[in-house]
Amino acid sequence: MASDAREWLETDGLGGFAMGPVAGPRARRYHGLLVAATTPPTGRVLLVSGVDVTVETPHGRWWLSAQRYAPDTTTGDGDAHLESFAHEPWPTWTFCLPDGTRLAHELFMRAGTPQVFLSWRLLAGAARSGDERAAARLTVRPFLAGRDFHALMSENAAFSFEPALADGEIHFHPYAGVPAIATASSGAYQHQPFWYRRFLYEEERRRGLGCEEDLASPGAWTFELGDGEAALLFGAELDARSTRVPAVEALETARAFERARRAALGGPHDRAAEQYLVARGAGCTIIAGYPWFGDWGRDTFIALRGLGLARGRVLEAVGVLSTWAGLVSEGMLPNWFPDATGVPAYNSVDAPLWYVVAASEAIQDAGPALAAVERRRLADAVEAILVGYANGTRYGIRATDDGLLAAGAPGQQLTWMDARVDGHAITPRIGKPVEVQALWLNALAAAAALGAPSATRWRALFEIGAASFEARFWDEARGRLYDVVDCDHVPGTVDARLRPNQIFAAGGLPLSLLSPARARRVVDAVEASLLTPLGLRTLGPEEPGYRPRYEGGVVERDGAYHDGTVWPWLMGPFAEAHVRVHGNDAAAVEVARARFLEPLARELETAGLGHLPEVADGEAPHRPGGCPFQAWSLGELLRLDRKVLAPRSGSIIAAPAPRASRRGDPR
């Protein structure tokens, strides 16, 4: 099998993860076997970057791994011996060596623990005799780091190679202030410390970022494969706890636990969805994407509708919303948390409104099963958000006399189109952005329906805003909506460029703000210029400034981020609006599934395995880019499949798992 750039992902439910390419050398600074969250789900450090693996039989010695070094050197040809790969229920590689020896390598993380388990075993079907196969010897040499997972490491005198022995384990403590690495194995360890210099990460080079790193290797383990399965455990010592069990016993226990846990979740897409649900303090939240995102407010509430509610995991969804309910400040919720210590950023106008939409749907879906105290906690957060927005809060966010919501201040980017280059907002959209009005009016209607303390006030404000919306935003000449009105807070000015944001007002949210005829014209206009098999373009190809490719360095990519780049998550609101205006009978839904759902489902096996990417190129072949494992992309796919376009016949995506308890595992 040739080098395969598809990527696999394992997670620990705490914000930590392991990830890498199916075949070939590690290509990202984030590729690693153990990334641990020191303050779940933040404070992530990369502890174990990778391993070199060789197998020796009486007939030769072969690599099962590959490494890339600067300027352009590759060592190891493990790809050449790779027979097959499977990512379910966890990453599993099958190798066939030139002498006929066949081996299986498995890797998985156990939920709730910052540990990764690796194993190798001989398979039946080798061409050699049993005695010769019993002589197979495996050697595994790890590459250790101990750095912030966004950073890169260079050779330095501060790194400590010295191992410590405790309860049958070998511990490495690379740096003060970084968790120690606990290891346990069924093999023999030999201490041979070396620095390996100038690892080259091709994906980082392609993205115009730092791409070389030095890593430390303290020694190597050897295993006699004829004696049974070779087992190796790496764990982060976040506290005084330790594994304190032999690696083989730990492997068998963890494997049985994970097999049962994952089977209980349902199909592979439910297991993929579960990887984004992580601990935050005593509660839970959603990681926006792996490898580099944390739990972003906007992403959390958008993704929650598919990853939680559409899968029937209503109480888990309520748990996420309850965790965030205590973070309301002046009507706003954090847009993001720093990965290290620091103050959360309250700089999103739409995140709190998405919270209201998700909370309303969760309360409705939970029904009588929702405890009164939980319902009140969510309802109080909704009330606090709307009071803050109606009265006025940060960054010029305030309800105006026309019942609509103004937002924005110079130098800030408050909507989901939030790219910045050298401190400059690429799409500031100051004024009254169209999707913000759709969310605002949906939030007001939802709060009124929930019987909020100020329900009468919200209903009256909704009626004023709804009456103003079409008059202010309808562009009759183009048969669609303006993207922003009162630009830069100048009354009467408009931004008429064709962007996908108007789809939220035409049926992409629970409440459409347009007449059926106008909603159909909007959907048709968006479909004609913005629709691709992987989602919607962020700017019409005919508009000035359109960027067809998401490529190049940081400046080039951020410049294209919302000016032509495709976003898969937008397929959710688009398909929802499409069936509303074009009919939602059984035949129409089947057509919509074939047109809008099946292309996305095929993408699940092309890049981040079992997941969808953050973005794709605006032009064919729509190469995926950005974050390879994106929560709201997968969430909206599941919401389409399980709710919006629920199949009248066979589903292309596995059926949802039965409703479980608040947490399906001991995270």
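Mind listing just one residue for me: the one in segment 189-224 that is of a type in the set (Ser, Thr, Tyr) and within 13 Å of Ser49 (Cα to Cα) and, of those, surrounded by the most Cβ atoms within 10 Å (Cβ to Cβ)?
Here is the first cut: in segment 189-224, the residues of a type in the set (Ser, Thr, Tyr) are 189, 196, 201, 217, 222.
Then drop every residue that is not within 13 Å of Ser49 (Cα to Cα), which leaves 196, 201, 217.
Values: Tyr196: 19, Tyr201: 23, Ser217: 19.
Filtering first and then ranking leaves Tyr201.
Restricting the first member to segment 175-196 and to residues that are within 19 Å of Asp214 (Cβ to Cβ), and the second to residues that are surrounded by 13 or more Cβ atoms within 10 Å (Cβ to Cβ) and acidic (Asp, Glu), the beta-carbon pairs closer than 6 Å and six or more apart or on different chains are Trp195/Glu155; Trp195/Asp214. Among the residues of segment 158-188, just one is outside any loop (DSSP other than H, G, I, E, B), among the polar types (S, T, N, Q) and open to solvent by 20 Å² or more (accessible area, probe 1.4 Å), namely Ser185.
If you go through segment 391-424 and keep only what is outside any loop (DSSP other than H, G, I, E, B), small (Gly, Ala, Ser) and open to solvent by less than 10 Å² (accessible area, probe 1.4 Å), you end up with Ala406, Ala407. I'd like to check something: does segment 1-13 contain any residue that is without any contact (Cβ under 8 Å) to a residue 12 or more places away in the chain, open to solvent by 20 Å² or more (accessible area, probe 1.4 Å) and at negative phi? No, every residue in segment 1-13 fails to be without any contact (Cβ under 8 Å) to a residue 12 or more places away in the chain, open to solvent by 20 Å² or more (accessible area, probe 1.4 Å) and at negative phi.
Of the residues Ala23, Ala27, the single one that is touching a residue at least 60 places away in the same chain (Cβ under 8 Å), among the hydrophobic types (A, V, I, L, M, F, W, C) and surrounded by fewer than 21 Cβ atoms within 10 Å (Cβ to Cβ) is Ala23.
Just so you know, in segment 86-103 the residues that are crowded, with 21+ Cβ neighbours inside 10 Å and more than 29 Å from the chain's Cα centre (by Cα) include one that is nearest to Gly20 (Cα to Cα), and it is Phe95. Name the residues in segment 132-152 that are over 17 Å from Val48 (Cα atoms), open to solvent by less than 60 Å² (accessible area, probe 1.4 Å) and of a type in the set (Lys, Arg), would you? The one that is over 17 Å from Val48 (Cα atoms), open to solvent by less than 60 Å² (accessible area, probe 1.4 Å) and of a type in the set (Lys, Arg): Arg133. Screening the candidates Glu155, Glu106, Glu83 for the property of being among the acidic types (Asp, Glu) and surrounded by 19 or more Cβ atoms within 10 Å (Cβ to Cβ) yields one hit, Glu106. From the residues in segment 364-390 that are in contact with a helix residue (DSSP H, G or I) (Cβ under 9 Å, 6 or more places away or on another chain) and among the charged types (D, E, K, R), which one is most open to solvent (accessible area, probe 1.4 Å)? If we take residues in segment 364-390 being in contact with a helix residue (DSSP H, G or I) (Cβ under 9 Å, 6 or more places away or on another chain) and among the charged types (D, E, K, R), then Arg377 is most open to solvent (accessible area, probe 1.4 Å). Counting the residues of segment 608-638 that are open to solvent by 20 Å² or more (accessible area, probe 1.4 Å) and more than 21 Å from Ile302 (Cα to Cα) gives 5. Of all residues in segment 511-544, those satisfying the criterion of being of a type in the set (A, V, I, L, M, F, W, C) and in a helix (DSSP H, G or I) are Ala517, Ala519, Val522, Val523, Ala525, Val526, Ala528, Leu530. Among the residues of segment 447-457, is there at least one that is open to solvent by less than 50 Å² (accessible area, probe 1.4 Å), of a type in the set (Ser, Thr, Tyr), over 20 Å from Phe301 (Cβ atoms) and within 28 Å of the chain's Cα centre (by Cα)? The answer is no; no qualifying residue exists.
Consider segment 567-590. How many of its residues are open to solvent by 10 Å² or more (accessible area, probe 1.4 Å) and either outside any helix (DSSP H, G or I) or within 22 Å of Arg547 (Cβ to Cβ) (or both)? Adding up the residues that qualify gives 3. Can you tell me which residue is farthest from Ile287 (Cα to Cα) among those in segment 588-634 that are β-branched (Val, Ile, Thr) and touching a residue at least 24 places away in the same chain (Cβ under 8 Å)? Ranking the qualifying residues of segment 588-634, first place goes to Val589.
The values are calculated or read from the model by the stated rules, or taken from the named source; none is laboratory data. If you're wondering where the values come from, they're calculated on a predicted model, not measured in any experiment. Counting neighbours? That spans all protein chains shown, and the Cβs are built from the backbone with ideal geometry, glycine included. Side chains are part of the model used for accessible areas, which takes the heavy atoms of the whole protein and leaves out ligands, DNA and RNA. Shrake-Rupley method; radii C 1.70, N 1.55, O 1.52, S 1.80 Å.
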